[in-house]
Amino acid sequence: MSNTPSMAFDIEMIRGFYERFPGRVAAARQVVGHPLTLSEKILYAHLWQGDATEAYQRGSSYVDFAPDRVAMQDATVQMALLQFMQAGRKKVAVPSTAHCDHLIQARVGADADLQDAVNKSNEVFNFLASVSNKYGIGFWKPGAGIIHQVVLENYAFPGGMMIGTDSHTVNAGGLGMVAIGVGGADAVDVMAGMAWELKFPKLIGVKLTGELNGWTSAKDVILKVAGILTVKGGTGAIVEYFGEGATALSCTGKGTICNMGAEIGATTSTFAYDASMERYLRATDRSDVADLANAVAGELTADAEVYAHPEKYFDQVIEINLSELEPHVNGPFTPDLATPISKLGEVAKANGWPLDVEVGLIGSCTNSSYEDLTRAASVAKQAAAKNLKVNAEYSVTPGSEQVRYTAERDGLLGEFEAIGGKVFANACGPCIGQWAREGADKGEKNTIVHSFNRNFAKRADGNPNTHAFVASPEIVTALAIAGRLDFNPLNDTLVNQHGEAVKLDAPVGEELPAKGYAVEDAGYQAPAEDGSGVLVEVNPESQRLQLLDSFAPWDGQNILGAKVLIKAQGKCTTDHISMAGPWLRYRGHLDNIANNTLTGAVNAFNGETNTVLNQLTGAYGEVPAVQRAYKAAGIPTLVVGDQNYGEGSSREHAAMQPRHLGVRAVLVKSFARIHETNLKKQGMLALTFAHEADYDKFQETDTVDFVDLTDFAPGKPLNLVLHHADGSQDQIAANHTYNAQQIAWFKAGSALNLIKQEQGL
């Protein structure tokens, strides 16, 4: 592997961790007083203080942790590193990496798209490369691959703890980590040598029995779990998979399951160390890590009593028999609407979903392993062998250059190209709205199927009428060949070009490449040993990058006379608050990207997007413009929201943008975990209704007073008075989860401001 070490990255850090791990676990077991889950072992082994001295309460105790590493992708790392540059450090305190995978649009094919990305975003890539070089951060160039796949191949290790500025950081749970998606401000804390705070998670156990067979794959496990738990059922919890079925899964299959756990709101998901992880570590040139893990293997799983009687040790237990599990297809418009393949046609017709499948897309960070590609290729190969016409467009997005190179060597990419498949760059592309789909601007109602995770409206191609369904790569391939959503490859036949009825055989795959992985240039750039002489320049005229100014601290007064910027109705994800797609280019320029703030949120008062009442003029205007008018007039504002506000991406821009524009508080029925933390980090008030029905009391022309903010304290609700246009008023209570440290962030104006104060900057 070009430019990579002859042994695993950061091997001395990993060795030190394994030396400490058994003692840390023993100390935890002593204070907790009962057998430990794997999740608990990893959490207690990473306490900032060292050995455990007390047992923490799941779902309520705030705990300081010391993660082993930080991983960041190019859309979020820009803002994270702009913040880190203000923190006063000469070098990151823990191993950290930056990966260029988001700013590459999928359009015509890998080579052309990659060159186009370099041409358009070179300013950003050069900035990231220089900042990484200066501060001791490993840099993965455009084309190297998607962050989560690269991390799995190079950095993840059983029992470790990692945070990453992307919600799918959880992919590393496939290698037995506790890997958690966070906002950039959290990453800055850890890179600056500070503790990282997390509410001690609840624990959900998923017992897998039996063994996968036929058309069913690891993807179907998480599609089924998503259907059971919904998009918020895992919030505040770690999902720990166990049982004979878990052991039988491949390491990359485990990664797929953990990866999409982000779509149920889970803090992370993980699996115990087993032979499949050892095989994967050795296959990816990390035998040194496998040897170290083997020496403590007995502690890299839950205590035996836990898995024997899981109901005693988990807050919730789900059991799934893999031998009976049917392939699932989830969607449209939400990743938790789970339908077994045998019922899909019936459900689709009943709901009026378009039955013609126009495009099938496979790959991405969650389903681009060698095993995934071999299983999908075995289906694709049958199209030619059985004289079948492929009835949909088809594309493949490899997860890393290593996977792509190996797949090309072994003829897999050729199988996809033989059925008209297009191979996109090793990047996020269609999964994040970076897909230049021809004709999407027409807004026509249509159906696509993909093996990605998210399928919110407008997510993939910008068309609100694209019905996107999530399935395994092999099911996606079968549906693309058939061109029909009501095709069930387990039972149905297709008529080939000779008029014969033929049936697709179940896919077959290879867990790991028989000839081993290979790559000519993995795309890694090591940082300078001494970065003190490296210059990081940002052009003050740049439209892509902007150095940050500190947010203003709280003035110590109650917030009075606040206006409601928007009352968001229904689903309001981070995509609705800060859209991706074309806006990715401004992720390093806070003022420019702020022009998309809440433009996707539905205004409860008129049912429209991006049109809200400006109470200063009485006219309606676009959300960012109205907010800028309030800011210019010195008028504070708040955002009111619905359930699970801020689900989806870890995108801290969704918190920074409203803060930059002058929004002071966000009051909702419930929050997605990462977004709530991001708001806190940026010095915002993140509040929830004490009584959800109070949401209905807000009127479009209200003025709101926060009457007891001067008494802001942990566990004490805040009181708001709503002054209505007719002279009447309502008083409502707002709950919060701020502890003393987080209140200090609010008072300082942001967590970063507090770091700077503590370092005397």
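Brief remarks follow.
- The residue pairs whose first member lies in the stretch 88-107 and is under 30 Å from GLY581 (Cβ atoms) and in a loop (DSSP other than H, G, I, E, B), whose second member is acidic (Asp, Glu) and at pLDDT 95 or above, and whose beta carbons are closer than 6 Å, counting only pairs six or more residues apart or on different chains, do not exist in this structure.
- Look at (1) modelled with pLDDT of 95 or more; (2) assigned to a loop (DSSP other than H, G, I, E, B); (3) over 13 Å from VAL357 (Cα atoms) and you find that ASP486 fails only one, number (3).
- Residue in the stretch 74-96 that is in contact with a helix residue (DSSP H, G or I) (Cβ under 8 Å, 6 or more places away or on another chain) and at positive phi present: yes
- Matching residues in the stretch 207-226 - criterion: being out of contact with any Pro (no Cβ under 9 Å at 6 or more places or on another chain), closer than 19 Å to PRO310 by Cβ and not in a helix (DSSP H, G or I): LEU208, THR209, GLY210
- Here the condition is being more than 22 Å from GLU153 (Cβ to Cβ), in contact with a Phe, Trp or Tyr (Cβ under 9 Å, 6 or more places away or on another chain) and among the β-branched types (Val, Ile, Thr); of VAL329, VAL390, VAL423, it holds for VAL329 alone.
- Failed condition for VAL495, given (1) within 25 Å of GLN382 (Cα to Cα); (2) outside the structural domain of PRO398 (by TED's automatic domain parsing); (3) exposed (fewer than 13 other Cβ atoms within 10 Å of the Cβ); (4) not basic (Lys, Arg): (2)
Here's the yes/no breakdown for (1) within 26 Å of the chain's Cα centre (by Cα); (2) within 22 Å of ALA350 (Cα to Cα); (3) surrounded by 21 or more Cβ atoms within 10 Å (Cβ to Cβ):
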| residue | (1), (2), (3) |
| --- | --- |
| ASN455 | yes, yes, yes |
| PRO473 | yes, no, yes |
| LYS503 | no, no, no |
| PRO513 | no, no, no |
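- Within the stretch 673-695, the set of residues being within 16 Å of ASN735 (Cβ to Cβ) and either aliphatic (A, V, I, L, M) or assigned to a loop (DSSP other than H, G, I, E, B) (or both) comprises LEU679, MET684, LEU685, ALA686, LEU687, ALA690, HIS691, ALA693.
- Qualifying residue in the stretch 656-671 (condition: of a type in the set (A, V, I, L, M, F, W, C) and over 21 Å from ASP702 (Cβ atoms)): yes
- Residue in the stretch 500-517 that is hydrophobic (A, V, I, L, M, F, W, C), in a strand (DSSP E or B) and at pLDDT 95 or above present: yes
- The set of residues in the stretch 696-725 that are in a helix (DSSP H, G or I) and either within 34 Å of the chain's Cα centre (by Cα) or crowded, with 16+ Cβ neighbours inside 10 Å (or both) comprises ASP696, LYS697, LEU709.
- Whichever residue in the stretch 660-695 is of a type in the set (Lys, Arg) and crowded, with 24+ Cβ neighbours inside 10 Å and, among such residues, is nearest to TRP196 (Cα to Cα): LYS681
- Single match in GLU278, GLU244 (criterion: surrounded by fewer than 24 Cβ atoms within 10 Å (Cβ to Cβ), without any contact (Cβ under 8 Å) to a residue 40 or more places away in the chain and touching a helix residue (DSSP H, G or I) at 6+ places or on another chain (Cβ under 7 Å)): GLU278
- Residue satisfying all of: in the stretch 1-39; hydroxyl-bearing (Ser, Thr, Tyr) and either at pLDDT 95 or above or closer than 22 Å to TYR241 by Cα (or both); surrounded by the fewest Cβ atoms within 10 Å (Cβ to Cβ) among these: TYR18
- Residue within the stretch 425-448 that is surrounded by fewer than 20 Cβ atoms within 10 Å (Cβ to Cβ), assigned to a helix (DSSP H, G or I), of a type in the set (Gly, Ala, Ser) and in contact with a Gly (Cβ under 9 Å, 6 or more places away or on another chain) present: yes
- Note on the stretch 728-761: residues that are part of a strand (DSSP E or B), farther than 22 Å from PRO658 by Cβ and hydrophobic (A, V, I, L, M, F, W, C) total 1.
- Which listed residue, of SER395, SER368, SER378, SER400, is modelled with pLDDT under 95 and not hydrophobic (A, V, I, L, M, F, W, C): SER368
- In this structure, GLY607 qualifies as in a loop (DSSP other than H, G, I, E, B), under 29 Å from ALA460 (Cα atoms) and at pLDDT 95 or above.
- Count of residues meeting criterion [more than 17 Å from ILE566 (Cα to Cα) and outside any helix (DSSP H, G or I)] in the stretch 642-658: 6
- Some residue of the stretch 450-461 being outside any loop (DSSP other than H, G, I, E, B) and of a type in the set (Phe, Trp, Tyr): no
- Scope the stretch 369-411; condition without any contact (Cβ under 8 Å) to a residue 40 or more places away in the chain and among the hydrophobic types (A, V, I, L, M, F, W, C); matching residues: ALA377, ALA384, ALA385, VAL396, ALA407
- Matching option when the condition is without any contact (Cβ under 8 Å) to a residue 60 or more places away in the chain and more than 27 Å from ALA262 (Cα to Cα), among VAL131, VAL124, VAL118: VAL118
- Any chance GLU346 is assigned to a helix (DSSP H, G or I), of a type in the set (Asp, Glu) and within 20 Å of CYS428 (Cα to Cα): no
- Applying the criterion of being of a type in the set (Ser, Thr, Tyr) and closer than 19 Å to GLU263 by Cβ to the residues of the stretch 154-198, the residue that is surrounded by the fewest Cβ atoms within 10 Å (Cβ to Cβ) is SER167.
The values are calculated or read from the model by the stated rules, or taken from the named source; none is laboratory data. This one's a predicted model, so the numbers in the text were calculated from it and none came from an experiment. Don't worry about glycine lacking a Cβ; one is built from the backbone with ideal geometry, like all the others, and counts go over all protein chains shown.
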